[in-house]
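Comments concern the structure below.
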Amino acid sequence: MIVVNLDVMMAKRKMSLSQLSEKVDITLANLSILKNNKAKAVRFSTLEAICAALDCQPGDILEFVPDQEDG
């Protein structure tokens, strides 16, 4: 599964969701969906804008976490 660590990067940059929303021109609702791991997809243009605003790499925001086997 892909985990979105947007909140971690925002905290490191001391940036609020509303500040990021203004910088990347994305609604608070859509950023919140992304931040809370509810998004099904993210456009590269959106990822690029977020990375530019937070001065980070895509890997700083997106993390692959393998599914854990039960049993």
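The values are calculated or read from the model by the stated rules, or taken from the named source; none is laboratory data. Quick caveat: nothing in here was measured; it's all calculated off a predicted structure. Heads up, the Cβs are rebuilt from the backbone with ideal geometry, glycines too, and the neighbour counts pull from every protein chain shown.
Would you check if L62 is surrounded by 12 or more Cβ atoms within 10 Å (Cβ to Cβ), under 16 Å from M1 (Cα atoms) and among the aliphatic types (A, V, I, L, M)?
yes
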- [ ] Within the stretch 21-31, track down each residue that is small (G, A, S) and either touching a strand residue (DSSP E or B) at 6+ places or on another chain (Cβ under 9 Å) or exposed (fewer than 15 other Cβ atoms within 10 Å of the Cβ) (or both).
- [x] A29
Task: Evaluation of V3 against (1) assigned to a loop (DSSP other than H, G, I, E, B); (2) in contact with a strand residue (DSSP E or B) (Cβ under 9 Å, 6 or more places away or on another chain) (one fails), failing number - done: (1)
- [ ] Could you tell me whether the stretch 29-48 includes any residue that is over 16 Å from E63 (Cβ atoms), touching a helix residue (DSSP H, G or I) at 6+ places or on another chain (Cβ under 8 Å) and of a type in the set (D, E)?
- [x] no
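Going through the stretch 6-23 one residue at a time, which ones are within 14 Å of C56 (Cα to Cα) and either at pLDDT below 95 or in a helix (DSSP H, G or I) (or both)?
So in the stretch 6-23, the residues within 14 Å of C56 (Cα to Cα) come out as 6-15, 20.
Those that are within 14 Å of C56 (Cα to Cα) and either at pLDDT below 95 or in a helix (DSSP H, G or I) (or both): L6, D7, V8, M9, M10, A11, K12, L20.
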TODO: Looking only at the stretch 34-61, count how many residues are out of contact with any strand residue (DSSP E or B) (no Cβ under 7 Å at 6 or more places or on another chain), among the polar types (S, T, N, Q) and over 21 Å from K14 (Cβ atoms).
DONE: 2
